[in-house]
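Let me begin by presenting the structure, written as structure tokens, before commenting on it.
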Amino acid sequence: MDSFEGPQGHSERFGLHHVDFDLPDRPRTPKQSAYFYSKIIENNGFASREKLFNAQETKNIEPNKVSSLPPSTVPSQTKNVWSRFSSQTNFQRKLYHYGTFPDGFSWGVSSSAYQIEGAWNADGKGPRLSIWDKFAHTPLRVDNSYNGDIACDSYNKVDEDVAVLKKLKVTHYRFSVSWSRVLPDGTYNFINEAGLDYYHRLLDALKAANIEPQVTLYHWDLPLALQKIGGWENEIMVRRFYEYADVLFSRLGQKVKFWITLNEPYIVANLGYGYGTFAPGIIGKQYIAAHNLIKAHAEAWHLYNRKYRAKQGGIISITINSDWAEPRNPYKQEDVDAAKRYLQFFIGWFAHPIFNGDYPEVMKKTIHERSLAFSPSQEQRSYCLAYSIIMSNTPWFKGLDKTFCPCSPKTYPTTFFNDRGTGTTHDRTWIESGSFWLKITPFGFRKILKFIKDEYGNPPVYVTENGISERGAVDLNDIHRKHYYEKYINQALKAQVLDGVDLRGYTAWSLMDNFEWAAGYSERFGLFFVNRSDPNLPRIPKNSASRYASIISCNGFPDPALGPHECLNPEPEGKIMLCHVIPKLCVYGEI
Ligand code: FCB
């Protein structure tokens, strides 16, 4: 157990059991390592392969008490999740789970307008453009001065895109509409029919291929004209978004049964209006931007509900992204609270208002207190988060008009990090990707899904993006991506089957290598490689594409012992590509 460690006193802890030295009876709590060690003793070493592989997890994991910490200052269901999994060894949590998803599970792949379309000023899109056109044309904003002028030229390649979707055997394709292509000045004063026509062509081609569209209204490419009046800092955006949504619902709604209002408002607010590393590059205005984004989502959601749902019969939701977080030391109250705050300031910032009608208590309280402490006068304080924004539980949110958000304090050092009051670190054993922010941690995927179930009342969930990047030399034999999808989708299966998460669909990011925002084309997330040195921008399958297609055909991971399963050995139809390391060594072959 933890004990007195010479000159280091109690600050270095070697124990298999945690000892709380602040309490007079010095309680001992087993750490995960204690369970692991006792398993080794029980098995007199490491269990045989056979024994381990038969050790499929069941629904009834014996929850282990994480610790006897006093009640937390951050109310949330996080502790449920930690305690459900705390007795699992590293080995157990990596165990493969054989099984399949329910019938009707949707399988998709994702993209977004600015990242793939190109045709940046074609057919009436120019000269008004979007904030990403401007940002990418500003020196030093995007790696290697890359831009989305041509991107993957999807605007001119509807047939090619649908052909590769067919190879993947997806049931759904998630793409976004470029607001400035449809409404070049951001308002419905002028509807650009040529721009709208591109989406009609795409939707028709998808229908012919029997692939359901999932359409995102806003994936970060705001019309520049709207940024000129303040963009998401200006409350008028709520109205503008409502009008834009009205145009899309009325003009495309007969062909779309799955709408997503906003993609990842956390990124829009924090990177676009907080740190300024994404377009439009504004600093310190994340709370007001987030506030208007949430209201815009609510307006569009209610518009669809009221005016279109009965006629068109679709569903509408929002894409909210989040990391999972764990306390660095689960036996320390400070760390436990820090991890909970991290989650509340991430997923909670957007999900809490949508599910519960208001921001998380901890956000409101901290930001309010800090603004009082740091701003000398009443006018300079931020009350943004102190007011309720009553939304989803009311039939038509009357409270919305009264929402007051004068949130631009002059002196309050309102950095999001300070308000959150939590630093982060990562385990150095986690496998890296081509993006500094992204490590491979499949166990976290299962946990965040379970957290969503527990925290927000088991809502239906669709994963709208999940994927991994590489950078540097091109290698079509992308073993890391195959590994990534197998492990993550398997954890999703465990969440669905063992934890009872109401998971309805899974969508990989991304269909093909594309313009990865400030990283340009240096980070590649695609299941298909886009050869940018060939003017035709051919889409070439990476090896992970056929693995993903096989998981789709199998609807998961059927147990080979109960086989044979034909879906485990799929061959793409027609031509396949056999590749070794560099694309030049790829040869085409007929099956
Ligand atoms: C998501 C974005 C998507 C892409 C992936 C890597 O946050 O929605 O456009 O950048 O990350």
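Against the condition assigned to a loop (DSSP other than H, G, I, E, B) and buried (at least 22 other Cβ atoms within 10 Å of the Cβ), how does residue 474 come out, does it pass? Before the answer, list the steps.
Details: assigned to a loop (DSSP other than H, G, I, E, B): yes; buried (at least 22 other Cβ atoms within 10 Å of the Cβ): no.
Here the answer is no, as residue 474 does not meet what is asked.
Return the only residue of 288, 211 being closer than 30 Å to residue 552 by Cβ and either away from the ligand (no atom under 16 Å from the Cβ) or hydrophobic (A, V, I, L, M, F, W, C) (or both). Before the answer, list the steps.
Details: 288 fails: closer than 30 Å to residue 552 by Cβ.
Checking each option against the conditions leaves just 211.
In the list 317, 322, which residue meets the criterion of being open to solvent by 10 Å² or more (accessible area, probe 1.4 Å), more than 24 Å from residue 239 (Cα to Cα) and not basic (Lys, Arg)? Break it down into steps so the answer makes sense when it comes.
Details: 317 fails: more than 24 Å from residue 239 (Cα to Cα).
So the residue among 317, 322 that is open to solvent by 10 Å² or more (accessible area, probe 1.4 Å), more than 24 Å from residue 239 (Cα to Cα) and not basic (Lys, Arg) is 322.
Select from the stretch 501-512 the residues that are open to solvent by 10 Å² or more (accessible area, probe 1.4 Å) and in contact (Cβ under 8 Å) with a residue 60 or more places away in the chain and write down the one among them that is farthest from the ligand (Cβ to nearest atom). Before the answer, list the steps.
So in the stretch 501-512, the residues open to solvent by 10 Å² or more (accessible area, probe 1.4 Å) come out as 502, 504, 509.
Then keep just the ones that are in contact (Cβ under 8 Å) with a residue 60 or more places away in the chain; that gives 504, 509.
On the way: 504: 19, 509: 5 Å.
Of everything passing the filter in the stretch 501-512, 504 is farthest from the ligand (Cβ to nearest atom).
Look at residue 151 and say whether it is of a type in the set (Gly, Ala, Ser) and either surrounded by fewer than 23 Cβ atoms within 10 Å (Cβ to Cβ) or assigned to a helix (DSSP H, G or I) (or both). I'd like the intermediate steps shown before the answer.
Values: of a type in the set (Gly, Ala, Ser): yes; either surrounded by fewer than 23 Cβ atoms within 10 Å (Cβ to Cβ) or assigned to a helix (DSSP H, G or I) (or both): no.
In short, no.
On the basis of being in contact (Cβ under 8 Å) with a residue 12 or more places away in the chain, in contact with a helix residue (DSSP H, G or I) (Cβ under 8 Å, 6 or more places away or on another chain) and closer than 24 Å to residue 199 by Cα, does residue 344 make the cut?
Numbers: in contact (Cβ under 8 Å) with a residue 12 or more places away in the chain: yes; in contact with a helix residue (DSSP H, G or I) (Cβ under 8 Å, 6 or more places away or on another chain): yes; closer than 24 Å to residue 199 by Cα: no.
Here the answer is no, as residue 344 does not meet what is asked.
Residue 484 - would you say it is part of a helix (DSSP H, G or I) and within 15 Å of the ligand (Cβ to nearest atom)? First the steps, then the outcome.
Values: part of a helix (DSSP H, G or I): yes; within 15 Å of the ligand (Cβ to nearest atom): yes.
Yes, satisfied.
If I ask for residues that are away from the ligand (no atom under 16 Å from the Cβ) and under 25 Å from the mean Cα position of the chain (by Cα), which ones from the stretch 304-332 would you list? Walk me through it before giving the result.
Filtering the stretch 304-332 down to residues away from the ligand (no atom under 16 Å from the Cβ) leaves 304-316, 325-332.
Residues satisfying the conditions are 304, 305, 314, 315, 316, 325, 326, 327, 328.
Looking only at residues that are more than 12 Å from the ligand (Cβ to nearest atom) and of a type in the set (Phe, Trp, Tyr) in the stretch 513-546, which one is surrounded by the most Cβ atoms within 10 Å (Cβ to Cβ)? Give the derivation first.
Pass one, the stretch 513-546, residues more than 12 Å from the ligand (Cβ to nearest atom): 521-522, 527-546.
Checking which are of a type in the set (Phe, Trp, Tyr) leaves us with 521, 528-529.
On the way: 521: 20, 528: 27, 529: 22.
The residue in question is 528.
Identify the single condition in (1) buried (at least 21 other Cβ atoms within 10 Å of the Cβ); (2) within 16 Å of the ligand (Cβ to nearest atom) that residue 341 does not satisfy, given that it satisfies every other one.
Unmet condition: (2).
Can you name every residue in the stretch 251-278 that is open to solvent by less than 20 Å² (accessible area, probe 1.4 Å), part of a loop (DSSP other than H, G, I, E, B) and among the β-branched types (Val, Ile, Thr)?
256, the sole residue that qualifies.
Within the stretch 228-250, identify whether any single residue is away from the ligand (no atom under 16 Å from the Cβ), touching a Gly at 6+ places or on another chain (Cβ under 6 Å), in a loop (DSSP other than H, G, I, E, B) and at pLDDT 95 or above, and answer yes or no.
no
Which residues, taken from the stretch 280-306, are aliphatic (A, V, I, L, M) and open to solvent by less than 10 Å² (accessible area, probe 1.4 Å)? Before the answer, list the steps.
Restricting attention to the stretch 280-306, the residues satisfying the condition of being aliphatic (A, V, I, L, M) are 282-283, 288-290, 293-294, 296, 298, 300, 303.
Correct list: 289, 290, 293, 294, 296, 298, 300, 303.
For residue 173, work out the one condition from (1) within 16 Å of the ligand (Cβ to nearest atom); (2) open to solvent by 10 Å² or more (accessible area, probe 1.4 Å); (3) among the hydroxyl-bearing types (Ser, Thr, Tyr) it doesn't fulfil.
Checking residue 173 against (1) within 16 Å of the ligand (Cβ to nearest atom); (2) open to solvent by 10 Å² or more (accessible area, probe 1.4 Å); (3) among the hydroxyl-bearing types (Ser, Thr, Tyr), the one that fails is (2).
Quick check on this structure: which one of 549, 492, 561 is at pLDDT 95 or above, outside any loop (DSSP other than H, G, I, E, B) and either β-branched (Val, Ile, Thr) or more than 27 Å from residue 447 (Cβ to Cβ) (or both)?
On the way: 492 fails: either β-branched (Val, Ile, Thr) or more than 27 Å from residue 447 (Cβ to Cβ) (or both); 561 fails: at pLDDT 95 or above.
Every option except 549 fails the conditions.
Give the number of residues within the stretch 479-493 that are open to solvent by 40 Å² or more (accessible area, probe 1.4 Å) and touching a Pro at 6+ places or on another chain (Cβ under 8 Å).
Residues in the stretch 479-493 being open to solvent by 40 Å² or more (accessible area, probe 1.4 Å) and touching a Pro at 6+ places or on another chain (Cβ under 8 Å): 1 in total.
Six or more apart or on different chains, Cβ under 7 Å: which pairs go from a residue in the stretch 194-207 that's closer than 9 Å to residue 182 by Cα to one that's part of a helix (DSSP H, G or I)? Could you list them?
195/181; 195/182; 196/182; 196/251
Among the residues of the stretch 219-242, how many are open to solvent by less than 40 Å² (accessible area, probe 1.4 Å) and free of Cβ contacts under 8 Å to residues at least 60 places away in the same chain? Step through it out loud before you land on a result.
Going through the stretch 219-242, the residues open to solvent by less than 40 Å² (accessible area, probe 1.4 Å) turn out to be 219-227, 230-232, 237-238, 241-242.
Checking the rest, the ones that are also free of Cβ contacts under 8 Å to residues at least 60 places away in the same chain come to 226, 230, 237, 241.
Within the stretch 219-242, residues that are open to solvent by less than 40 Å² (accessible area, probe 1.4 Å) and free of Cβ contacts under 8 Å to residues at least 60 places away in the same chain number 4.
Take the conditions within 16 Å of the ligand (Cβ to nearest atom) and open to solvent by 20 Å² or more (accessible area, probe 1.4 Å) and apply them to residue 465. Does it pass?
Numbers: within 16 Å of the ligand (Cβ to nearest atom): yes; open to solvent by 20 Å² or more (accessible area, probe 1.4 Å): yes.
Criteria met by residue 465.
If residue 297 passes every condition in (1) in a helix (DSSP H, G or I); (2) away from the ligand (no atom under 16 Å from the Cβ) but one, which one does it miss?
(2)
Out of the residues in the stretch 409-437 meeting the condition of being modelled with pLDDT under 85 and open to solvent by less than 60 Å² (accessible area, probe 1.4 Å), tell me which one is nearest to residue 326 (Cα to Cα). Break it down stepwise before answering.
Of the residues in the stretch 409-437, the ones modelled with pLDDT under 85 are 409-415.
Those left that are additionally open to solvent by less than 60 Å² (accessible area, probe 1.4 Å): 409, 412-414.
On the way: 409: 32, 412: 29, 413: 27, 414: 25 Å.
Taking the candidates together, the pick is 414.
Output the number of residues of the stretch 449-460 satisfying the condition of being open to solvent by 20 Å² or more (accessible area, probe 1.4 Å) and either under 14 Å from the mean Cα position of the chain (by Cα) or within 16 Å of the ligand (Cβ to nearest atom) (or both).
1
The values are calculated or read from the model by the stated rules, or taken from the named source; none is laboratory data. These figures come from a predicted structure and were not determined experimentally. For neighbour counting, all protein chains shown are included, and Cβ atoms are generated from backbone atoms with ideal geometry for every residue, glycine included. Ligands, DNA and RNA are excluded from the accessible area calculation, which covers all protein heavy atoms including side chains. Shrake-Rupley method; radii C 1.70, N 1.55, O 1.52, S 1.80 Å.
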